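A.B. asks: Have a look at the structure that comes next, please.
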Amino acid sequence: RDPLWSRGLGDVYKRQENTPVMIDCCPLIGVLSLNAIFACDCIIVPVSADHLSAKGAMQIEKTLRALEPVLKRRVNRRYLLTRFDGRRGMAWEVLKVLEEKFGADVCRTRIAENVSLAESPAHNKTIFEHAPNSRGAQDYETLLDELLADGFIPVSYTHLRAHETRED
């Protein structure tokens, strides 16, 4: 959508047509995040299961709504609850707040608090390389299935699985 991003990502698109490109941004609405929003078709907003993160998600929602007239479209989005521990009451409170604010845009899949998820970046590996049988890997596989089933990720991407990484 954005010419600069398209030019920068052009080689990726040429090599593998119909392959989604994920741009991971920090949780700060800055130049990189805004450019990614202009370039994207959809957004996944991870929200840690605490109140401060929920407030941050509300700020992101405000920003996305403010950008709609400029973008001339609504960016499709999902809010993903992460670091979820069902034994903590606060996790359930945050889930309730997200569901009240964002309704169907909240993913049904919740990513549980998981040691393997915390360890994998230290080993410079994805969760699927580091601990493919862990709860974290299972949660992300379930998320992919949900996003495909809901049409959030177009069906043309079903040849991809979360554990298939592409090195460029």
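The values are calculated or read from the model by the stated rules, or taken from the named source; none is laboratory data. Small disclaimer: the values here were computed from a predicted structure and weren't measured. Because the Cβ atoms are built from the backbone with ideal geometry, glycine has one as well, and the counts that use them run over all protein chains shown. The area values use the complete protein model at the heavy-atom level, side chains included, leaving out ligands, DNA and RNA. Shrake-Rupley method; radii C 1.70, N 1.55, O 1.52, S 1.80 Å.
A.B. asks: With a Förster radius of 35 Å, plug the Cβ-Cβ distance of A66 and N133 into 1/(1 + (r/R0)^6) and report the FRET value to the nearest 0.05.
C.D. replies: 0.25
A.B. asks: Still on this structure, please answer the following. Suppose all protein chains stay in the model; what accessible area per residue would a 1.4 Å probe give for region 16-111, in Å²?
C.D. replies: Heavy-atom accessible area per residue stands at 59 Å².
A.B. asks: Can you pull the percent of Cα pairs in region 69-122 with separation above 15 Å?
C.D. replies: Tail of P(r) above 15 Å: 57 percent of Cα pairs.
A.B. asks: Going 7 Å from the Cα of W92 in the Cα-to-Cβ direction, what parts of region 20-50 have a backbone nitrogen less than 17 Å from that spot?
C.D. replies: 49-50
A.B. asks: Once label points are set 7 Å from the Cα along Cα→Cβ at both A118 and T142, what is their separation, rounded to one decimal in nm?
C.D. replies: Distance between the two pseudo-spin positions: 2.0 nm.
A.B. asks: Kindly sort I153, I23, I111 by accessible area of their heavy atoms, largest first, with the probe set to 1.4 Å.
C.D. replies: Reading off the accessible areas and sorting them downward yields I23, I153, I111.
A.B. asks: While we're on this one: At a 1.4 Å probe, what is the % contribution of carbon and sulfur to the accessible area of region 18-102?
C.D. replies: Summing carbon and sulfur atoms, their accessible area is 58 percent of the total for region 18-102.
A.B. asks: Now, a different point. On full extension of the chain, what length is gained from L52 through D24, given 0.36 nm per residue of separation minus the C-alpha to C-alpha distance?
C.D. replies: That works out to 8.1 nm of additional length.
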